[in-house]
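Participant: Sharing a structure below in structure tokens format, with a few things to ask.
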Amino acid sequence: MGRFAFEHILTDEHRMIQQAAREFAEQEIAPIAAEYDESGEFPMETIRKMGEMGFMGIEVPEEYGGAGMDTLAYVLAETEISKVDAAHGTIMSVNNSLFCHGILKYGTEEQKQKYVVPVASGQAIGAYALTEPSSGSDAANMRTRATREGDYYILNGRKNWITSGPVADYFVVFAMTNPEKGHRGITAFIVDGDSPGLVRGKKEPKLGIRASATSEIGFDNVKVPVENRLGEEGQGFKIAMAVLDAGRIGIAAQALGIAEAAYEAARQYVQEREAFGHKIGEFQGTGFKIADMKMRIEAARALIYNAALAKEKAKETGARYTLEASMAKLFASETAMYCAWAAVQIHGGMGYSKELPVERFFRDAKITEIYEGTSEIQRLVIARLETGLRV
Ligand code: CAA
């Protein structure tokens with residue numbers, strides 16, 4: 001950090017939030033990360049404290065309960081939290097981008113007051129329900145239905161892999177209001193977690209980010225008031241995609257945090273551990289891994305800053321930043337996976353042991369290549385935008 005020209009774009013305010021997130025993560029999260037990973041318990045206490053620190057709505061204006069900062073501030077804090085524990089990073093990212101960003105961008109004043117204020121201030125947890133058992137990457141092919149009846153919509157269907165599903169107070173839910181229209185028949189809604197008929201499925205047992213709770217959510221004749229529709233009827237798919245553009249920058253920042261954590265553990269280990277009469281970092285097979293990790297991390301950081309600046313600019317111009325977000329997410333997640341793999345390999349048996357956190361980094365890294373659009377979907381998005389062809 002600090003040795004790259006790119007770092008000069010950070011203001012004093014950026015450095016302050018980065019430092020605050022780093023200190024919070026080291027003091028409050030580091031001591032509990034392994035325990036919560038093991039138990040899979042949701043870390044409500046630290047999440048509430050993160051809310052008090054302003055980390056749950058960094059880009060949300062202060063009038064709506066947030067910290068009123070920019071996208072760079074968000075990615076800096078997201079990286080620092082995820083560097084210590086990616087599970088906290090996941091909960092933070094969903095609150096910030098998938099929940100608050102969408103309602104801020106498309107919601108009414110009443111929706112912002114009622115839903116963004118508590119989630120951005122960390123008093124409530126938000127979730128985003130797009131994926132279904134039979135439609136993951138093919139998100140437009142959803143089966144959940146919303147039928148208008150007077151002043152309500154009646155929701156029926158099933159969503160799965162919902163981050164924070166077991167604990168969320170509010171959900172942004174996508175449902176078909178007009179199936180004949182395909183993706184143009186999808187509408188977004190804000191649904192209260194205590195709505196009658198909203199059923200939370202069992203918590204998924206996961207490989208990584210285990211302290212972040214994930215579950216299926218069922219909708220059995222759930223009545224949603226018309227005033228809880230987010231945007232217009234038929235606008236839902238575009239809202240889902242635009243919100244994911246923001247979300248993918250958050251996941252890229254999370255992946256960067258995991259990559260940095262793995263890298264720093266490996267760099268320290270190669271300078272201490274000896275084999276065959278040498279520090280293991282003196283062997284090219286090891287030193288070259290350190291070089292590749294460092295290079296990929298700085299390239300990921302550059303792509304993430306680029307995406308953050310593109311999103312910032314979009315606040316004025318309204319332009320899309322899909323390409324920048326997908327490139328950052330794709331490269332950073334593959335960097336996280338590479339660095340976590342290399343760190344485990346460098347540590348040998350110790351890398352496979354729960355006595356050190358590198359095995360957790362390895363398990364946590366994988367999800368960044370899957371959620372909020374797999375690496376294959378990111379490649380598809382980039383190739384389509386670059387060629388104009390239907391890849
Ligand atoms: N912003 C705005 N509009 C967009 C857009 C974007 N980024 N991307 C597409 N659109 C618009 C298109 O312009 C098109 O508009 P028209 O109606 O005017 O034609 C419309 O959306 C449909 O676009 P496509 O034809 O490209 O749609 P598609 O069906 O081929 O799907 C896809 C494209 C990229 C594959 C998309 O389905 C996708 O991103 N899939 C992955 C889904 C995903 O990331 N899921 C993760 C869920 S969240 C999660 O992980 C859980 C969690 O809790 C963290």
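Participant: How about region 37-109: which helices (runs of 4 or more DSSP H) wholly inside it have at least 3 residues that are of a type in the set (S, T, Y) and out of contact with any Leu (no Cβ under 7 Å at 6 or more places or on another chain)?
Facilitator: 71-84
Participant: May I pose another question? Are any residues in region 352-381 in a helix (DSSP H, G or I), small (G, A, S) and closer than 18 Å to A30 by Cα, and if so, which ones?
Facilitator: Once the filter is applied, which keeps residues that are in a helix (DSSP H, G or I), small (G, A, S) and closer than 18 Å to A30 by Cα, region 352-381 yields only A365.
Participant: Turning to a different aspect of this structure: Check A146 against each of (1) buried (at least 21 other Cβ atoms within 10 Å of the Cβ); (2) more than 16 Å from G231 (Cβ to Cβ); (3) in contact (Cβ under 8 Å) with a residue 60 or more places away in the chain and name the one condition it does not meet.
Facilitator: Here A146 meets the rest and fails (2).
Participant: For G107, all conditions in the list (1) in the same structural domain as D37 (by TED's automatic domain parsing); (2) within 16 Å of the ligand (Cβ to nearest atom) hold save one; what is the number of the exception?
Facilitator: It fails just one condition, (2).
Participant: Now, a different point. With the requirement that a residue be within 14 Å of the ligand (Cβ to nearest atom) and in contact (Cβ under 8 Å) with a residue 60 or more places away in the chain, what does region 225-240 give you?
Facilitator: G231, Q235, G236, F237, I239, A240
Participant: What number of residues in region 216-254 are among the β-branched types (V, I, T) and under 21 Å from the mean Cα position of the chain (by Cα)?
Facilitator: Selection size over region 216-254: 5.
Participant: For region 136-159, what are the residues that are more than 9 Å from the ligand (Cβ to nearest atom), within 25 Å of the chain's Cα centre (by Cα) and either part of a strand (DSSP E or B) or not aliphatic (A, V, I, L, M) (or both)?
Facilitator: Passing the criteria: R143, T144, G157, R158, K159.
Participant: Let me ask something else. Evaluate the following for S195: is it polar (S, T, N, Q) and away from the ligand (no atom under 15 Å from the Cβ)?
Facilitator: yes
Participant: Look at region 110-135 and say how many of its residues are under 20 Å from the mean Cα position of the chain (by Cα), in the same structural domain as E28 (by TED's automatic domain parsing) and charged (D, E, K, R).
Facilitator: 0
Participant: Report yes if some residue within region 118-126 is in a helix (DSSP H, G or I) and away from the ligand (no atom under 16 Å from the Cβ); otherwise report no.
Facilitator: yes
Participant: Sticking with this one: Under the condition of being among the small types (G, A, S) and buried (at least 24 other Cβ atoms within 10 Å of the Cβ), which residue from region 166-192 is farthest from the ligand (Cβ to nearest atom)?
Facilitator: Checking each candidate, the answer is A175.
Participant: List the residue pairs whose Cβ atoms are under 7 Å apart, where the first residue sits in region 369-391 and is in contact (Cβ under 8 Å) with a residue 24 or more places away in the chain and in the same structural domain as I258 (by TED's automatic domain parsing), the second is within 10 Å of the ligand (Cβ to nearest atom) and not in a helix (DSSP H, G or I), and the two are 6 or more positions apart or on different chains.
Facilitator: From region 369-391, the pairs are T374/S137; I377/S137.
Participant: Now a separate question. Of all the residues that make up region 347-391, how many are surrounded by 15 or more Cβ atoms within 10 Å (Cβ to Cβ), of a type in the set (K, R) and away from the ligand (no atom under 16 Å from the Cβ)?
Facilitator: Here the count works out to 2.
The values are calculated or read from the model by the stated rules, or taken from the named source; none is laboratory data. Here the structure is a predicted model, which means the values were calculated and not measured. Glycine also receives a Cβ, built like all others from the backbone with ideal geometry; neighbour counts cover every protein chain displayed.
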